[in-house]
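Right, one structure below, let's go through it.
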Amino acid sequence: MEADPSSFEARRLAALRSYEILDTAPEAAFDRITKLAQDLFGLPVALISLVDDKRQWFKSRVGLNVAETPRSWAFCNHAIAQSAPLVVPDASIDERFRDNPLVTGDLGVRFYAGAQIRDDAGLALGTVCVLSDQPNVRFSAADEARLNSLAEIVANKMELRRQIVQASRRAIESESMLREVHHQVANSLQIVADVLGLQAEKIPNKDAATHIGNAAGRVMALGD
């Protein structure tokens, strides 16, 4: 544990935001994982939840219509604070959650299980989680291991996505830089060609003027 919890949280949020994934459109690679989680555990709701500063935002969701909730409501906020998956058999009698709007409201969450999505430094960015409106769902140690595996897959896909985004940005920046260099070179060559043209006009010797004029043309051709 860090001596200063606020410093730890700042590092965690910085790590999360470095993926540039918050508020992005749905992606099939992540949606396949939530659908697999729903099918694997036979529960109505499966989420990939990323815990931001004041909210939990769902990169992918099955069985839930909202894209985010306040962080103060988030079961996942409790999950990222521990090392093992968080399993809540019955939220209605758990003092941490019994007054939570996700429990008392229309969603009526009773069962929750969430495994941490961690970056390479071990920082918990969010969870892969499954929920049910029925309490005391049978969820074995093997199920926890399966949920952990799904969270690891999400972490790997997030890292791959980040590398692709960064590579695309570098390619765009390189192309922009090349265009700027080409522009500067073309301008410089134009200046050289103009100077040669002026010199050609001032030289009385026609052969020499012709050679200089041809040289000006070759200089301009270098910029094409």
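Laboratory data are not the source of any read-out in this text; all were calculated from the coordinates shown. Quantities reported herein were computed from a predicted structural model and do not represent experimental measurements. Because the Cβ atoms are built from the backbone with ideal geometry, glycine has one as well, and the counts that use them run over all protein chains shown.
Packing, taken as the mean count of other beta carbons within 10 Å per residue, orders the peptides 92-104, 158-170 from highest to lowest as 92-104, 158-170. Sequence-ordered 3J(HN,Hα) estimates for the stretch 13-29 from the Karplus curve with 6.51, -1.76 and 1.60 and θ = phi - 60° stand at 5, 4, 5, 4, 6, 5, 7, 6, 10, 4, 6, 8, 5, x, 10, 4, 4 Hz, glycine and proline given as x.
Here, the stretch 91-143 yields an orientationally averaged convex hull projection of 4.6 nm² when only Cα atoms define the hull.
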